[in-house]
Structure formats: C-alpha cells, structure tokens
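Encoded as structure tokens, the structure appears first; notes follow it.
The values are calculated or read from the model by the stated rules, or taken from the named source; none is laboratory data. Small disclaimer: the values here were computed from a predicted structure and weren't measured. Because the Cβ atoms are built from the backbone with ideal geometry, glycine has one as well, and the counts that use them run over all protein chains shown.
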C-alpha cells in the first residue's frame, strides 16, 4: 500500500511539473506574440499585471470547477468488498 502511495505521489509531481513546463512555453509564446504589451510589466516587475496578461479568467474558472468536481469524486470513502457490519478497515484485503 505504501509503495502504491509513493507511485501516486511521483505521478502527481510529474503531472504538476509537466503543467508548469507547458505554462512556461505558453507564457513565452504570448510574450513573443506581443512583447510591447508584456515589457512594461516585466520592467516594473509587476507580477499581478503579468498574471492578468497571461491568464484567461474563463479558463481559470473552468479549471477550478473541474478540480472541485475531482475532489468530490476522488475524495470519497470507498467501501468495495467490505462486509455489512464489519468494523472499518476489515474489508476483503485485510
């Protein structure tokens, strides 16, 4: 069970790393498309303005809704194979 959790943690870290990596490419592409729009915010080191320029609010909202739905689904207690009346943790695998 512990090894399975370790593999899951590695998988999640790799997925997060991939998304960050893709985000860097997207940011670079947007900058290359309109450097005159991004350069003032870069020179001023205005992180809020840069995030505003890089982010589409509708996409962010959709991602948040998708994550919330996944949390509700994957955060559920699964009781497959447990006998009725058996104490918690005494399913078929114990």
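In the range 30-44, the residues that are in contact (Cβ under 8 Å) with a residue 24 or more places away in the chain reach residues that are in a helix (DSSP H, G or I) with C-beta atoms within less than 8 angstrom, at least six apart or across chains, in these pairs: 30/38; 30/53; 30/54. Return a yes/no flag: does the range 53-72 have any residue that is touching a helix residue (DSSP H, G or I) at 6+ places or on another chain (Cβ under 9 Å) and surrounded by 10 or more Cβ atoms within 10 Å (Cβ to Cβ). The answer is yes; a qualifying residue exists. Of the helices (runs of 4 or more DSSP H) lying entirely inside the chain, the ones with 2 or more residues being modelled with pLDDT under 90 and under 19 Å from the mean Cα position of the chain (by Cα) are found at 2-33, 57-74.
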